[in-house]
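Here the structure comes first, spelled out in structure tokens, and everything after it is commentary.
The values are calculated or read from the model by the stated rules, or taken from the named source; none is laboratory data. Predicted, not measured: the structure shown is a model, and the values here were computed from it. Every residue, glycine as well, gets a Cβ built from its backbone with ideal geometry; the counts of neighbours run over all protein chains shown.
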Amino acid sequence: MRLDKYLKVSRILKRRTVSKELAVNERITVNGKIAKPSKEVKIGDIIEITYGTRVMKIKVTDIKEQVRKNDAGILYEVLEEYRISQDEKKRNE
């Protein structure tokens, strides 16, 4: 499944366009490499998303085309979640 679609289906991000925009702006990595929105995601992949000052690292545990809102959490496991300071964010840009 495409990265942008996976992030939307799993409800990690609310809209596919947001996923796409983050990927285009090099704010998403898959297995440590900057990923494009079209990157194919597989079970076991590690995705790191930087969204504003928030950083979230997840492991893909399942892939489904459709999933109910209450069941979206079974598609991934949160490995790490933290915030970065504005100064740190500016240095990374």
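If the condition is being over 27 Å from Asn70 (Cβ atoms), touching an Asp or Glu at 6+ places or on another chain (Cβ under 7 Å) and not polar (S, T, N, Q), then segment 28-46 contributes only Ile34. If you go through segment 14-27 and keep only what is in contact with a strand residue (DSSP E or B) (Cβ under 7 Å, 6 or more places away or on another chain) and farther than 23 Å from Lys69 by Cα, you end up with Glu26, Arg27. So, in segment 47-72, how many residues would count as being touching a strand residue (DSSP E or B) at 6+ places or on another chain (Cβ under 7 Å), under 14 Å from Arg27 (Cα atoms) and free of Cβ contacts under 8 Å to residues at least 40 places away in the same chain? Of the residues in segment 47-72, 5 are touching a strand residue (DSSP E or B) at 6+ places or on another chain (Cβ under 7 Å), under 14 Å from Arg27 (Cα atoms) and free of Cβ contacts under 8 Å to residues at least 40 places away in the same chain.
Out of segment 1-44, which residues are under 18 Å from Val55 (Cα atoms) and of a type in the set (A, V, I, L, M, F, W, C)? Passing the criteria: Leu3, Leu7, Ile12, Leu13, Val18, Leu22, Ala23, Val24, Ile28, Val30, Ile34, Ala35. Just one of the listed residues (Lys89, Lys59, Lys64) is at pLDDT below 90 and either surrounded by 10 or more Cβ atoms within 10 Å (Cβ to Cβ) or over 13 Å from the mean Cα position of the chain (by Cα) (or both), namely Lys89.
Hey, can you tell me all the residues within segment 1-55 that are of a type in the set (S, T, N, Q) and under 11 Å from the mean Cα position of the chain (by Cα)? Ser10, Ser19, Thr29, Thr50 - these are the residues of segment 1-55 that are of a type in the set (S, T, N, Q) and under 11 Å from the mean Cα position of the chain (by Cα).
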